[in-house]
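The values are calculated or read from the model by the stated rules, or taken from the named source; none is laboratory data. This structure is a prediction, so every number in the text was calculated from the model and none was measured. Every residue, glycine among them, receives a Cβ derived from its backbone with ideal geometry; neighbour counts consider all protein chains shown.
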């Protein structure tokens with residue numbers, strides 16, 4: 001029996017869809033206590049790359065060098081679909097503010113979230129390294145939005 005062009009087209013389309021999904025979806029394991037009770041250490045989440053949700057959504061963002069509060073490598077987040085993510089360290093955080101929103105810094109100063117940045121907080125504040133220490137995170141350091149738990 002001979003496969004017709006329609007069957008071959010279907011197989012090619014499926015292979016293309018699988019490749020695209022692998023670039024857009026990343027599985028991440030939650031480490032640490034900063035997102036308790038929503039996420040526990042060891043939970044696995046599926047991340048949709050290139051998406052930053054609105055306030056209240058959960059993202060995976062690259063961990064900066066905590067002493068310098070800066071990053072050692074070019075961004076692997078939004079718009080960097082081919083950059084390997086396995087050599088980076090990631091944080092799971094909730095979006096608490098979007099560009100233009102006002103927030104109060106730990107020093108009591110009222111500030112605006114600048115364009116191209118988001119305010120990110122862990123649900124478990126005492127155990128979280130987030131915008132309370134770092135300030136707003138650049139959007140290009142966001143890997144993507146947590147889509148679902150695995």
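Within the range 45-56, the set of residues being at pLDDT 90 or above and either touching a helix residue (DSSP H, G or I) at 6+ places or on another chain (Cβ under 8 Å) or closer than 11 Å to residue 26 by Cβ (or both) comprises 45, 46, 47, 48, 49. In summary, residue 79 fulfils each of the numbered conditions (1) at pLDDT 95 or above; (2) more than 15 Å from residue 137 (Cα to Cα); (3) in a loop (DSSP other than H, G, I, E, B) with the single exception of condition (1).
Within the range 22-56, take every residue that is free of Cβ contacts under 8 Å to residues at least 24 places away in the same chain and not in a loop (DSSP other than H, G, I, E, B) and give me the one that is surrounded by the most Cβ atoms within 10 Å (Cβ to Cβ).
It comes out as 29.
Checked against (1) within 20 Å of residue 26 (Cα to Cα); (2) part of a loop (DSSP other than H, G, I, E, B); (3) at pLDDT 95 or above, residue 59 meets all criteria but (2).
Residue 99 fulfils the conditions (1) part of a loop (DSSP other than H, G, I, E, B); (2) surrounded by fewer than 12 Cβ atoms within 10 Å (Cβ to Cβ); (3) out of contact with any helix residue (DSSP H, G or I) (no Cβ under 6 Å at 6 or more places or on another chain) except for a single criterion, (2).
Look through the range 102-132, keep the residues that are under 17 Å from residue 33 (Cα atoms) and touching a residue at least 40 places away in the same chain (Cβ under 8 Å), and return whichever of them is surrounded by the most Cβ atoms within 10 Å (Cβ to Cβ). Spell out the reasoning first.
Start the filter on the range 102-132 by keeping residues that are under 17 Å from residue 33 (Cα atoms), which leaves 120-132.
Retained after the next criterion (residues that are touching a residue at least 40 places away in the same chain (Cβ under 8 Å)): 120, 122-124, 127-130.
On the way: 120: 26, 122: 24, 123: 18, 124: 15, 127: 12, 128: 22, 129: 17, 130: 21.
Residue satisfying both the conditions and the ranking: 120.
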